[in-house]
Amino acid sequence: MQTKVQRHTNAGNYGILLISSLPRSKSSIYKDGDKITATLPIARKDLYRFEKPALKWELIKYKKKTILSYSCNLAKTTSDTGKVYYAWYTLSIPISEGSFRFKGLNGLILEVYNEEKSIFINAVEIAKVRELIELLKYVKVYDLKDKS
């Protein structure tokens, strides 16, 4: 079973934009076990692939919310850049996934935002699909390695 999650983004003073209305990006984030790999364009031309550190989530007790009829719990994390993020996730869909690099909880992340609320991503629909989801294949990618 695969789950398709349609998302929209908060465009600040411009309102809400459906992700499908935004330009296609060449970037991707994949999780394989505990390893999260990002492929991102640099200077709008070349693609670079590198490993992102897994986020360490702190579960916040007694905070509950319903999103798309799913009971959700709240978690908090601090990224490698020092930004604080909050995520609402549901144990009803036991898939350790979410948008972009926000993965690693015991259920599907349906909403994530940063402390300043300048980034806000939430699920607007969940539907089962039969399509196979495969890794994107890029023509040329430069692999970046951590030298530490």
Next on the checklist: Pairs please, first residue from segment 54-83 and closer than 20 Å to ARG101 by Cβ, second anywhere and part of a loop (DSSP other than H, G, I, E, B) and among the charged types (D, E, K, R), Cβ atoms under 6 Å, 6+ apart in sequence or on different chains.
Outcome noted: ALA54/ASP34
Item to check | Residue list for segment 58-83, filter: buried (at least 20 other Cβ atoms within 10 Å of the Cβ) and in contact with a Ser or Thr (Cβ under 8 Å, 6 or more places away or on another chain) | outcome: CYS72
Checklist entry - So which residues in segment 84-106 are under 16 Å from ALA54 (Cα atoms) and buried (at least 22 other Cβ atoms within 10 Å of the Cβ), if there are any at all? => result ALA87, GLY98, PHE102, LYS103, LEU105
Item to check | Filter pass, LEU18 being of a type in the set (A, V, I, L, M) and modelled with pLDDT of 75 or more | outcome: no
Next on the checklist: Quick check on segment 135-144. Is at least one of its residues of a type in the set (Ser, Thr, Tyr) and at pLDDT below 85?
Outcome noted: yes
Next on the checklist: Anything in segment 103-120 that is in contact (Cβ under 8 Å) with a residue 24 or more places away in the chain, more than 15 Å from VAL84 (Cβ to Cβ) and not charged (D, E, K, R)? List them, or say none.
Outcome noted: GLY104, LEU105, GLY107, LEU108, LEU110
Next on the checklist: Name the single residue that is nearest to TYR62 (Cα to Cα) among those in segment 107-130 being modelled with pLDDT under 90 and surrounded by fewer than 13 Cβ atoms within 10 Å (Cβ to Cβ).
Outcome noted: LYS117
Next on the checklist: I'd like to know if segment 102-120 contains one or more residues that are within 26 Å of PRO41 (Cβ to Cβ), of a type in the set (Val, Ile, Thr) and part of a strand (DSSP E or B).
Outcome noted: yes
Item to check | Residue that is modelled with the lowest pLDDT [pool: residues in segment 45-103 that are more than 22 Å from ALA123 (Cβ to Cβ) and among the polar types (S, T, N, Q)] | outcome: THR81
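The values are calculated or read from the model by the stated rules, or taken from the named source; none is laboratory data. Worth saying up front: this structure is predicted, and the values here are computed from it rather than measured. Methodologically, a virtual Cβ is constructed for each residue, glycine included, from the backbone with ideal geometry; neighbour enumeration extends over all protein chains shown.
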